[in-house]
Each structure stands twice: as structure tokens, then as C-alpha cells.
Amino acid sequence: MRLIFAVITAAFALAAAFHLVALMTPDIAEPSPPWRHLLFAATNGAVAVGMIRRPKLFVVAFALLTMQQVVSHGIYASSLWERERRVDWASAVVLVSMPSVLALLIFDAKRRAGESARRAG
């Protein structure tokens, strides 16, 4: 499980770096205002740290982020397909990966809670 979370952490760190690069080189990303790139550079950086530490309320915060990302990327991907018949691959990755990572976080939180209960009991 440690390796899986290390890979996920690296992916979010890379996503943060991507948003920073897109801030300076907007042509590499779908059109987005600079403030959004800054926001998601910070958000992805915070998620990378959260993946390492996984504090108690992290699952809840990540669930909220997942909902926002699924709605935002889902609407964008759908409208892009309708307008241009083109797949936004970044949205496709987000739409598959975020719920999958959330499921892993929930599984891990339950596993860790069970371990804590066994040690206490």
C-alpha cells in the first residue's frame, strides 16, 4: 500500500508542477485563467502532502475535491466533445483517477482504523 500511495503522491506533485508550468506557458493546457492554475498548483501540492500524512479528515476533504473535479471536468469534457468532437485527455484521467484514489483512501482509512482498534483492544 505504501508504494501505491507513493505513486499517487508523485502524480499529484507532477500535477502541481504542470499547473505552474501552464501558468507560464498557457499553450500546453486547455484554456484556463491564471488564477485557476495557481489554485490547482496549490491544491495538488496540498493533496500530495496529504497523501503522505493522510490525517483523519483528509478523506472527507479529498471526497469534496473529487466531487468538484468530477463535476468540473465532466462538464468541460462533455461540452468539448459536443462542440469539437474531441476528447480532453486530462479530464479523462481526472474522471477515472479521482474516484479510484478516493476508494483507495477510504479502504486505507478503514484498514488503519481496524489496526488502531486491535492495538487498543
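Points worth noting:
- Matching option when the condition is surrounded by 16 or more Cβ atoms within 10 Å (Cβ to Cβ) and in contact (Cβ under 8 Å) with a residue 24 or more places away in the chain, among Ala29, Ala13: Ala13
- Flag for Val71 being exposed (fewer than 12 other Cβ atoms within 10 Å of the Cβ), free of Cβ contacts under 8 Å to residues at least 24 places away in the same chain and either of a type in the set (Ser, Thr, Tyr) or in contact with a helix residue (DSSP H, G or I) (Cβ under 8 Å, 6 or more places away or on another chain) (or both): no
- Unique residue being of a type in the set (A, V, I, L, M, F, W, C), touching a residue at least 12 places away in the same chain (Cβ under 8 Å) and touching a Gly at 6+ places or on another chain (Cβ under 6 Å) when the list is Phe62, Phe40, Phe5, Phe58: Phe58
- Within segment 88-115, the set of residues being more than 21 Å from Phe40 (Cα to Cα), without any contact (Cβ under 8 Å) to a residue 12 or more places away in the chain and either aliphatic (A, V, I, L, M) or not assigned by TED's automatic domain parsing to the domain that holds Phe62 (or both) comprises Ala103, Ala113.
- The number of residues in segment 16-26 being surrounded by 15 or more Cβ atoms within 10 Å (Cβ to Cβ) and over 19 Å from Val96 (Cα atoms) comes to 4.
- From the options Val49, Val70, residue that is modelled with pLDDT of 95 or more and in the same structural domain as Pro99 (by TED's automatic domain parsing): Val70
- The residue that is surrounded by the most Cβ atoms within 10 Å (Cβ to Cβ), among those in segment 74-121 that are within 16 Å of the chain's Cα centre (by Cα) and polar (S, T, N, Q), is Ser91.
- Meets criteria (within 23 Å of Asp27 (Cβ to Cβ) and either hydrophobic (A, V, I, L, M, F, W, C) or modelled with pLDDT under 95 (or both)) for Val93: yes
The values are calculated or read from the model by the stated rules, or taken from the named source; none is laboratory data. Here the structure is a predicted model, which means the values were calculated and not measured. Note that we place each Cβ from the backbone using ideal geometry, even for glycine, and neighbour counts take in every protein chain shown.
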